[in-house]
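Notes to accompany the following structure.
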Amino acid sequence: MLGALLVAAGLNALALGLPAALAAAGAGMIAFAAAFTAWCCAGSSADPSISLLMVTLGLGALMRGTAAVVFRGIPSAIRFRFRSTRSSWAACSCPRTS
């Protein structure tokens, strides 16, 4: 959810194009993962595996709730730049086999 909201923030708030917004969101998620690894996972390598699993699940729940609050003013929908018409979808449809 955080990655998708970072892409939407790049598109809507920063007015980036889709490739730039995807790259920025990917860099943000890599930075977040590196910070999480340095903060939490480095010191708990000797602990039982279940504790690392529980910390990771708790962080996921925290990220989901925090992202919804932090990005609440930014539209989360990705608007495409082209207009869809029925004829363009008809050219891509599969033939019916009934």
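The values are calculated or read from the model by the stated rules, or taken from the named source; none is laboratory data. Since we're looking at a predicted model, the values are computed, not measured. Neighbour counts are summed over all protein chains in view; Cβ atoms, including those assigned to glycine, are modelled from backbone coordinates with ideal geometry.
A few notes on this one:
- Every residue from segment 40-59 that is modelled with pLDDT of 80 or more and assigned to a loop (DSSP other than H, G, I, E, B): none
- In segment 58-76, the residues that are under 15 Å from residue 7 (Cβ atoms) reach residues that are in a loop (DSSP other than H, G, I, E, B) and at pLDDT 80 or above with C-beta atoms within less than 8 angstrom, at least six apart or across chains, in these pairs: 74/13.
- Residues that are within 21 Å of the chain's Cα centre (by Cα) and surrounded by 11 or more Cβ atoms within 10 Å (Cβ to Cβ) were ranked within segment 47-57; the one that is farthest from residue 3 (Cα to Cα) is 55.
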